[in-house]
Amino acid sequence: MFRAPSAAGLPPFAWLLHDQQAARPHVARHLGLSTRTLARYEATQQAPRAVMLALYWESRWGRSAADAEAATAADVHRGHAQALANENAALRRRIAVLERELTQAQPEAANLPFWRA
């Protein structure tokens, strides 16, 4: 599944460029562009999609989307770990009950301590 926004979901180029804290020459170098090319994109408010996406992921909107995705994934994994821990505890209780019933029905086997959870 794609995480990048569609062309309609991207903020305007001016917003993306303004959101960068670095000076224009640093932004241009980061994007692999000349300062003149970046100035031309800024003047026309048009840039290739690759440039728009690079600026998006470096902007507050892109970082926010990535942070939200990471937080959601962490919540899912935390819930899964808790469910597994609950299942593990229930299985350990079940094993304890079965071991008690086994020792009441017959004397302990020689290797029973090896199998205790």
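The values are calculated or read from the model by the stated rules, or taken from the named source; none is laboratory data. Predicted, not measured: the structure shown is a model, and the values here were computed from it. Cβ atoms come from the backbone with ideal geometry, glycine included; neighbour counts cover every protein chain shown.
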Practice task
Find all pairs meeting these conditions: Cβ atoms under 6 angstrom apart; at least six residues apart or on different chains; first residue within segment 19-38 and modelled with pLDDT under 95 and assigned to a loop (DSSP other than H, G, I, E, B); second residue surrounded by 14 or more Cβ atoms within 10 Å (Cβ to Cβ) and aliphatic (A, V, I, L, M).
Solution key: Q20/V27
Handout entry: Criterion: under 28 Å from the mean Cα position of the chain (by Cα) and without any contact (Cβ under 8 Å) to a residue 12 or more places away in the chain - qualifying residue of A54, A110, A43, A70
Key = A70
Exercise for the section: Would you mind finding the one in E87, E42 that is in contact with a helix residue (DSSP H, G or I) (Cβ under 8 Å, 6 or more places away or on another chain), among the acidic types (D, E) and either at positive phi or assigned to a helix (DSSP H, G or I) (or both)? Expected result: E42
Problem - Residue match in segment 94-107 (condition: surrounded by 10 or more Cβ atoms within 10 Å (Cβ to Cβ), among the aliphatic types (A, V, I, L, M) and either in a loop (DSSP other than H, G, I, E, B) or at pLDDT 95 or above (or both)) - result: no
Exercise for the section: Answer yes or no: is there a residue in segment 16-25 that is surrounded by 10 or more Cβ atoms within 10 Å (Cβ to Cβ) and among the charged types (D, E, K, R). Expected result: yes
Problem - segment 73-107: number of residues that are over 30 Å from R3 (Cβ atoms), among the charged types (D, E, K, R) and free of Cβ contacts under 8 Å to residues at least 24 places away in the same chain - result: 6
Fill in the blank from the handout: By residue number, the members of segment 1-17 that are among the small types (G, A, S), farther than 17 Å from D67 by Cβ and modelled with pLDDT under 75 are S6, A7, A8
Problem - Residue check for A65: assigned to a helix (DSSP H, G or I), touching a residue at least 40 places away in the same chain (Cβ under 8 Å) and small (G, A, S) - result: yes
Practice task
Would you confirm whether any residue within segment 36-52 is surrounded by 14 or more Cβ atoms within 10 Å (Cβ to Cβ) and of a type in the set (V, I, T)?
Solution key: yes
Exercise for the section: Determine if segment 74-89 includes at least one residue that is surrounded by 11 or more Cβ atoms within 10 Å (Cβ to Cβ) and either at pLDDT below 95 or within 17 Å of the chain's Cα centre (by Cα) (or both). Expected result: no
